[in-house]
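Input: a single structure, listed below in structure tokens.
The values are calculated or read from the model by the stated rules, or taken from the named source; none is laboratory data. Here the structure is a predicted model, which is why all the values come from computation and not from measurement. Neighbour counts are summed over all protein chains in view; Cβ atoms, including those assigned to glycine, are modelled from backbone coordinates with ideal geometry. The area values use the complete protein model at the heavy-atom level, side chains included, leaving out ligands, DNA and RNA. Shrake-Rupley method; radii C 1.70, N 1.55, O 1.52, S 1.80 Å.
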Amino acid sequence: MNDGFGHEVPPRHAQQTHRQVSRYLVVIGSNDGGLARLFLADHTQVGEFDAGTEEVVELIKTAVASTGASGPEWDRALGGHTAAERASATVYALDV
């Protein structure tokens, strides 16, 4: 039994660049229930999931909320939603 002695040492881990921190969580009501979307500071979407999950509750515990995502900064990001959906959306600012 050699207990692994004499085996090649694994190569060093190559650290990859991580994506930026999500800055906004937008919760939009829909016919199927709420939809939660994560956005970067430049309003680029990086995630989408059911708004009824435990993760959403954890994310919004300390977040600052506002109602409405009708501004021009949200036009590209939320272009597939109606004006009424965007107006009633709740926008949470994360990591402020």
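Of note:
- For the stretch 56-96, the Stokes-Einstein estimate of translational diffusion at 20 °C and a viscosity of 1.002 mPa s comes to 196 µm²/s, using the Kirkwood hydrodynamic radius over alpha-carbon pairs.
- FRET efficiency estimate (nearest 0.05) - Cβ-Cβ, His13 to Thr53, R0 25 angstrom: 0.20
- Taking amide H positions as modeled 1.01 Å from N, with prolines and chain starts lacking one, the residues under 5 Å from Leu35 and 5 or more places away or on another chain are Ile28, Gly29, Ser30, Ala51.
- You can think of it this way: the chain between Glu73 and Thr44 has 9.4 nm of extra reach, that is 0.36 nm per residue less the Cα-Cα gap.
- Kirkwood hydrodynamic radius of the chain, from inverse mean 1/r over distinct Cα pairs, in Å: 15.6
- For the chain, leaving out every one of the trypsin sites (Lys or Arg not before Pro) that falls in a DSSP loop and has at most 13 other Cβ atoms within 10 Å, the longest unbroken run is 20-60.
- Residues Tyr24, Tyr92, sorted by accessible area with the largest first, give Tyr24, Tyr92 [1.4 Å probe; ligands and nucleic acids excluded].
- The largest accessible area among Asp75, Asp32 belongs to the first residue in Asp32, Asp75, and the rest follow in falling order (1.4 Å probe, all chains).
- Taken about its Cα centre, the chain carries a charge dipole of roughly 300 debye when the Cβ of each Lys and Arg holds +1 and the Cβ of each Asp and Glu holds -1.
- Charge dipole (the stretch 22-96, unit charges on Cβ, about Cα centre) - positive-most of Val27, Ala83, Val57: Ala83
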